[in-house]
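The values are calculated or read from the model by the stated rules, or taken from the named source; none is laboratory data. Everything quoted here is computed from the prediction, not taken from an experiment. Positions of Cβ are backbone-derived with ideal geometry, glycine not excepted, and every protein chain shown enters the neighbour counts. In case anyone asks, the SASA skips ligands and DNA or RNA and just uses the protein heavy atoms, side chains included. Shrake-Rupley method; radii C 1.70, N 1.55, O 1.52, S 1.80 Å.
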Amino acid sequence: MKPTYKFQVKPILPTILEPLRRLAHNIHWDWNVAAKSLFVRLDPDLWQQTCHNPVAMLGQVDQSRLDELAQDDGFIAHMERAIEQLDDYLQQHTWYHKSRGETKGKECYAYFCAEYGLSYCLPIYSGGLGILAGDHLKSASDLGLPLVAVGLLYQEGYFAQYFNHDGWQQEEYPINDFYNMPLHLEKDDQGNELVIEVEFPGRLVYARVWRIDVGNVPLYLLDTNIEQNTNPYDHDITDKLYGGDRNLRLHQEMLLGIGGVRMLEKLGYTPTVYHMNEGHSAFLILERIRKLMQEDGLTFRHAKQFALSTQMFTTHTPVSAGFDLFSPEQTLHYVGHYAEKFGLSRDRFLGLGRENTGDFEAPFNMAIFALKHSAFINGVSQLHGHVSREMFHSLWPDFPLAEVGITAITNGVHARSVTAPATQDLYDRYLAPNWDEAPANSPIWQKVATIPNEELWRNHERQRSDLVVYIRQHLVSQLQQQGATEAAIEKARQVLKPNFLTIGFARRFATYKRANLFLYDIERIKKIILADPERRVQFVIAGKAHPEDIPGKELIRQIIHTIREEGIEDYVVFLPNYNIHIARKMVSGCDVWLNTPRRPREASGTSGMKAAMNGLPNLSILDGWWDEADYIRTGWAIGNGEIYDDPDYQDRVEASALYELLEKEIVPLFYTRNSFDVPEGWVNKMKEAIRLNCPMFNTSRMLRDYAQQAYFKLSDRHFELSQDNYQAVQALADWKSELFKAWYNIRIEAFEVTESMAIDIQQPIHVQAILDLVGLTPDDLAVQIYLGTINDKDELIDGESTTMVFQGMTPDHKAIYEHVVKYQKSGYQGMALRILPHHPHLADATEPRLIRWA
Ligand SMILES: *Cc1c(COP(=O)(O)O)cnc(C)c1O
């Protein structure tokens, strides 16, 4: 039955408790201990039942409980402390104000992502990408960056996981009740819902806008489930995260990219930087170019240049199969109208998203589209940056691999969100209250040594026993819901022990993550677990497989079966329904964090960083972030980064390395105790993890990197290029066109050196080059000497370049360049001459993707 009337009913709070409403509606409470503990105190059971949702709690809590609290001075004082902390937080003078210096106008960085993992009660994320995006917003808020975020609001949350008796993953999709979540519905001046529209074939699709306040950063989310959409299908565009077929994926991406740009405009924002976090939002490029053409009167070429100069792209995928591809027909059917507006032929339009523009069969690739239209591109760890440069080398043909225009900013985690409250308190007291933002060179990190070993250890033991209690309760309630036998429930009440060495492993169950590697040799691992009653080892495992990933689900089932068949249920527990809350429990309560991906498939990985924030050593394959960490002092490396052709051999070698580390190093170190039962060696390792990893692998450092390497520069460029009716960008784009025309006609007439073959190290060599610039000027180019070693294939490798100095023109108008170079290394060395474009408004020399070698 359809309702005749609809009401939005608000709870009534006693006046004195009114601040609770404001606290509940800014999810700052997710990383503020005072606010969070206040809501737990309000009603601990309801806190659990609502999945930690203060807004829903305020609607459900008993009136008598509220009246009681209104009289409770302790509670009121606690509430006032929390609201004071929120107010202070929202007004504090921040890193941005201290570091930015003057700008030419009001800046705004627009951040686009398909998912956000912010807190347990907002299940609009599936995994690592979403959690990273959520942490990005939290740290942007901490640092005071003028960032605004765009996403989609999914009606169905990402699935909750449970297992049937056979260990086969079952999925249950929670329905998000937006009115009972920390969301604000955006209205226009007349009080009507703010609605944006996007052209779809034969119709318009409408969406309304919800806002989540993430501290000082607003996150706007689009929702198509509204009456204006007369086509029932359109209601469901934002139904599910990563559900449905290729068409639905395309529709969601149109809404995110195109709708997102329109939404920001309607809300009154004028972004100076557009950050595409993964390729899902890349259609924003189309909408920006259209607006620049139709509203600001630019030509396609000029508009495209302006968009490019102010856009950036972060890729998270280390395999080409991970990118979104749409067939040419599908792409043209849905967004082909942009080709007409741009005045482009079908194939020139599709070429914007093709690696090889001459391949007319190739699909439209969202990552390529974003790459070709960004002034800053990065991978998410140093190793992933390298892998990305290899993957996209063909877009920068003839560039040395190291100079492909993709850099890296290593991921991080939001320290205050992932560190256990008691541990935060420890750091607050012994390091400094701003430890969560202190850079690596700050002296506060030396103070880690001042934390008494016993205090750090007792605190950690508390976290471990909390985790064991939590796991038992969680398993028991799951079993009760499934109607399990009393015997099975009784068994679940006893699993794990609060004092055993506990190894955690939790992540998405993609097969490359090899969750079962530790079970490779079942007899050997059983021996490690059970051999010594005084030195037992236990494992906590969690993770979801994508609903369509049958091999991933099979892997989970296998693990569950192995645990049962081998009778190690008390020592190896598969904890169902991995989510942001369980993750935080595990990374604080385990002793070691295990990760066994197939290198180099893990772009970064962030759960190990969360563990490090809590002082856990990591035990991992050298992949993603761990490859660049101090893995000797802060944990253990499995293998040495080798990649073998035979995957079975790889598994065997790495499983064996893992067992050896457990047997010879990890178990002995953990169980060697002093007279106070404190494992001194282990605690030292924990302190090194805190001292070295906390300041590096957090989103505060990451956001400062994004700001200094990208946001500030792109934003400055926005103002420079748009001044006086976009004069500078027109000049830049025109210059580029001339450059492209002349580029392959530039002639290197002479390239000579003064010395002969045999020279001494550090001996000066005079180099002269004469070039016919075919109408270009010396300012348009950087003519460089490239010095490097010659390898066995007669190639120049590991080269370094220096720019030659322009000396003047010859009588027949050829440009003369000279330089003196010296070899710093002996051996078989080579020299080459190369030319790169140069213009003060280019992002850098790689932007035009042109290079010439003599
Ligand atoms: C941190 C986190 C992830 C990502 O962890 P990885 O180590 O990158 O696999 C995934 N899901 C949840 C719920 C998380 O908290």
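Checked across segment 787-802, the condition of being in the same structural domain as I748 (by TED's automatic domain parsing), at pLDDT 95 or above and either over 16 Å from I835 (Cα atoms) or surrounded by fewer than 12 Cβ atoms within 10 Å (Cβ to Cβ) (or both) holds for no residue.
Checking N499 against (1) under 24 Å from N618 (Cβ atoms); (2) away from the ligand (no atom under 16 Å from the Cβ); (3) open to solvent by less than 20 Å² (accessible area, probe 1.4 Å); (4) without any contact (Cβ under 8 Å) to a residue 60 or more places away in the chain, which test does it fail? Among (1) under 24 Å from N618 (Cβ atoms); (2) away from the ligand (no atom under 16 Å from the Cβ); (3) open to solvent by less than 20 Å² (accessible area, probe 1.4 Å); (4) without any contact (Cβ under 8 Å) to a residue 60 or more places away in the chain, the lone unmet condition for N499 is (3).
Residues of segment 803-812 that are farther than 25 Å from A402 by Cα and either outside the structural domain of P837 (by TED's automatic domain parsing) or in contact (Cβ under 8 Å) with a residue 12 or more places away in the chain (or both): F806, T810.
L204 falls short on exactly one of the conditions (1) open to solvent by less than 20 Å² (accessible area, probe 1.4 Å); (2) part of a strand (DSSP E or B), and that condition is (1). For segment 395-416, residues that are assigned to a helix (DSSP H, G or I) and either closer than 30 Å to R288 by Cβ or open to solvent by less than 10 Å² (accessible area, probe 1.4 Å) (or both) total 3. Within segment 561-591, the residues that satisfy the criterion of being within 14 Å of the ligand (Cβ to nearest atom) and either aliphatic (A, V, I, L, M) or under 20 Å from the mean Cα position of the chain (by Cα) (or both) are L575, Y578, N579, I580, H581, I582, A583, R584, M586, V587. The residues of segment 88-122 that are acidic (D, E) and open to solvent by less than 50 Å² (accessible area, probe 1.4 Å), listed by number, are E107, E115. So in segment 1-33, with the set limited to residues that are modelled with pLDDT of 95 or more and among the aliphatic types (A, V, I, L, M), which one is surrounded by the fewest Cβ atoms within 10 Å (Cβ to Cβ)? Looking at residues that are modelled with pLDDT of 95 or more and among the aliphatic types (A, V, I, L, M), I get I16. Contact map, segment 594-611: first residue under 21 Å from I409 (Cβ atoms) and in contact (Cβ under 8 Å) with a residue 12 or more places away in the chain, second residue among the hydroxyl-bearing types (S, T, Y) and more than 7 Å from the ligand (Cβ to nearest atom), Cβ cut-off under 7 Å, separation 6 or more or different chains; pairs are N595/S620; P597/Y512; R601/Y512; A603/T317; A603/S381; S604/S381; S604/T410; G608/S620. Take the conditions open to solvent by less than 30 Å² (accessible area, probe 1.4 Å) and within 30 Å of H718 (Cα to Cα) and apply them to L773. Does it pass? The answer is no for L773. Would you mind stating whether A56 is farther than 22 Å from Y179 by Cβ, open to solvent by less than 40 Å² (accessible area, probe 1.4 Å), modelled with pLDDT of 95 or more and of a type in the set (G, A, S)? No. Looking only at residues in segment 634-655 that are more than 29 Å from L467 (Cβ to Cβ) and not in a helix (DSSP H, G or I), the one that is nearest to the ligand (Cβ to nearest atom) is G641. Criterion first (over 39 Å from the mean Cα position of the chain (by Cα) and of a type in the set (A, V, I, L, M, F, W, C)) does V783 satisfy it? No; evaluated as a whole, the condition is false for this residue. Here is the figure for segment 238-252: residues that are under 24 Å from the mean Cα position of the chain (by Cα), part of a loop (DSSP other than H, G, I, E, B) and closer than 25 Å to L332 by Cβ total 4.
Got at least one residue in segment 170-191 being within 16 Å of the ligand (Cβ to nearest atom) and farther than 30 Å from Q723 by Cα? Yes; the residues of segment 170-191 include at least one that is within 16 Å of the ligand (Cβ to nearest atom) and farther than 30 Å from Q723 by Cα.
Of the set (1) within 16 Å of the ligand (Cβ to nearest atom); (2) over 13 Å from C694 (Cα atoms), all apply to V413 but (2).
The rows are residues; the columns are (1) open to solvent by 80 Å² or more (accessible area, probe 1.4 Å); (2) on the phi > 0 side of the Ramachandran plot; (3) of a type in the set (V, I, T); (4) not in a helix (DSSP H, G or I).
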site: E455; (1), (2), (3), (4): no, no, no, no
site: E461; (1), (2), (3), (4): no, no, no, no
site: S465; (1), (2), (3), (4): no, no, no, no
site: V469; (1), (2), (3), (4): no, no, yes, no
site: Q478; (1), (2), (3), (4): no, no, no, no
site: A484; (1), (2), (3), (4): no, no, no, yes
site: I489; (1), (2), (3), (4): no, no, yes, no
site: Q494; (1), (2), (3), (4): yes, no, no, yes
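Is it true that some residue in segment 8-16 is β-branched (V, I, T) and part of a helix (DSSP H, G or I)? Scanning segment 8-16, I find at least one residue that is β-branched (V, I, T) and part of a helix (DSSP H, G or I), so the answer is yes. Scanning segment 177-201 for residues that are part of a strand (DSSP E or B) and touching a residue at least 40 places away in the same chain (Cβ under 8 Å) turns up H184, I196, E197, V198, E199, F200. Residues in segment 517-547 that are within 16 Å of the ligand (Cβ to nearest atom), modelled with pLDDT of 95 or more and open to solvent by 10 Å² or more (accessible area, probe 1.4 Å): K544 alone.
Among the residues of segment 821-854, those that are open to solvent by less than 50 Å² (accessible area, probe 1.4 Å) and part of a strand (DSSP E or B) comprise V821, Q829, G830, A832, L833, R834, I835, L836, P837, R852. Every listed requirement among (1) under 26 Å from the mean Cα position of the chain (by Cα); (2) open to solvent by 30 Å² or more (accessible area, probe 1.4 Å) is met by L185 save one, (1). Of the residues making up segment 316-342, those that are charged (D, E, K, R) and either touching a Leu at 6+ places or on another chain (Cβ under 7 Å) or surrounded by fewer than 19 Cβ atoms within 10 Å (Cβ to Cβ) (or both) are E329, E340, K341. Which members of segment 207-235 meet the condition of being outside any helix (DSSP H, G or I), open to solvent by 40 Å² or more (accessible area, probe 1.4 Å) and over 23 Å from L118 (Cα atoms)? Across segment 207-235, the qualifying residues are E227, Q228, T230, N231. Only one entry in L38, L132 is within 30 Å of S715 (Cβ to Cβ) and buried (at least 18 other Cβ atoms within 10 Å of the Cβ), namely L132.
Report whether or not Q463 is free of Cβ contacts under 8 Å to residues at least 12 places away in the same chain and under 30 Å from L129 (Cα atoms). In short, no. Inclusion of Y823 among residues that are of a type in the set (F, W, Y) and either touching a Gly at 6+ places or on another chain (Cβ under 8 Å) or under 19 Å from S756 (Cα atoms) (or both) is warranted. The condition of being open to solvent by 20 Å² or more (accessible area, probe 1.4 Å) and of a type in the set (F, W, Y) does not hold for F392.
Selection of segment 32-54 for residues being under 16 Å from I83 (Cβ atoms) and not in a loop (DSSP other than H, G, I, E, B) yields V33, A34, A35, K36, S37, L38, F39, R41, L42, P54.
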